[in-house]
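Worksheet: one structure, shown below.
The values are calculated or read from the model by the stated rules, or taken from the named source; none is laboratory data. Everything numeric here is computed off the predicted structure, so don't read it as measured data. Here Cβ is always computed from backbone atoms with ideal geometry, including for glycine, and neighbour counts include all displayed protein chains. For the accessible areas, the whole protein counts, side chains as well, though only heavy atoms, and no ligand, DNA or RNA atoms are used. Shrake-Rupley method; radii C 1.70, N 1.55, O 1.52, S 1.80 Å.
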Amino acid sequence: MLSLGMELKRLRANKKWTQAFAAREIGIQQSYLSKLENGQFIPSLDVLEKLSTCYQVSFESFIPIKTKQNIINNNLKWLITLLFTIGILIWLCASFNIFYSETYFTYQAKQGEFWAINVIETYKGEKYIEGDAVYEIIGQRDISRLENRILLVTSAVFVFGALLISMLINKPWLNKEK
């Protein structure tokens, strides 16, 4: 396998570019390109990306294993943050009944010889008028909605998933260099 510097020289020669022209095309200083070609510097991931774009080849094999592991760890950290945040948001929505109300109010009204009963999720005061009937509150009850319990379990799965991934990436057997 060629070194990165030798590969850069070969690619530049194939295109019949001068070092100055290649540096302009890549978007780096000529002196920096010279040091890369001579093996004096190791390019950053941004520079490797510019080189790949300019020469239209992949430099994946030249990325050090530790750098690849850091990229994977950074992506996993973002995943952990996302899972944890989603889990907390779902937990808050379920705990504060944002999507599914757990309190129902029972109102009754006398309409002629009949009693009308209305069970609703929103509190409309001690009395409210609907049509020609005056409803008075007679009770309130709290229930445990299945939907909120499902949301609580889902939030626990997200949070514990984030914690599990966090514990796994900090284990020494995953961070061994090959």
| Within the stretch 79-116, restricting attention to residues that are in contact (Cβ under 8 Å) with a residue 24 or more places away in the chain, touching a strand residue (DSSP E or B) at 6+ places or on another chain (Cβ under 7 Å) and hydrophobic (A, V, I, L, M, F, W, C), which residue is farthest from ILE169 (Cα to Cα)? | ALA109
| Checklist (1) of a type in the set (Asp, Glu); (2) more than 14 Å from PHE59 (Cβ to Cβ); (3) at pLDDT below 90 applied to GLU7, failing item | (2)
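Confirm whether VAL159 is closer than 30 Å to TRP78 by Cα and touching a helix residue (DSSP H, G or I) at 6+ places or on another chain (Cβ under 6 Å).
yes
Yes/no matrix, rows are residues, columns are (1) in contact (Cβ under 8 Å) with a residue 12 or more places away in the chain; (2) assigned to a strand (DSSP E or B); (3) open to solvent by 90 Å² or more (accessible area, probe 1.4 Å); (4) not aliphatic (A, V, I, L, M):
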{"residue": "TYR128", "(1), (2), (3), (4)": "yes, yes, no, yes"}
{"residue": "TYR135", "(1), (2), (3), (4)": "yes, yes, no, yes"}
{"residue": "ILE138", "(1), (2), (3), (4)": "yes, yes, yes, no"}
{"residue": "GLU147", "(1), (2), (3), (4)": "yes, no, no, yes"}
{"residue": "VAL153", "(1), (2), (3), (4)": "no, no, yes, no"}
{"residue": "VAL157", "(1), (2), (3), (4)": "yes, no, yes, no"}
{"residue": "ALA162", "(1), (2), (3), (4)": "yes, no, no, no"}
{"residue": "SER166", "(1), (2), (3), (4)": "yes, no, no, yes"}
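How many residues are at pLDDT 75 or above and not small (Gly, Ala, Ser) when one looks only at the stretch 52-99? Explain how you work it out, then say what you get.
Residues of the stretch 52-99 at pLDDT 75 or above: 52-58, 73-99.
Then drop every residue that is not not small (Gly, Ala, Ser), which leaves 53-57, 73-86, 88-93, 96-99.
Result for the stretch 52-99: 29.
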| Say we look at the stretch 7-44 and pick out the residues that are touching an Asp or Glu at 6+ places or on another chain (Cβ under 8 Å) and assigned to a helix (DSSP H, G or I); which of these is surrounded by the fewest Cβ atoms within 10 Å (Cβ to Cβ)? | GLN19
| field | the stretch 105-126: number of residues that are open to solvent by 40 Å² or more (accessible area, probe 1.4 Å) and either under 30 Å from the mean Cα position of the chain (by Cα) or not β-branched (Val, Ile, Thr) (or both) | value | 11
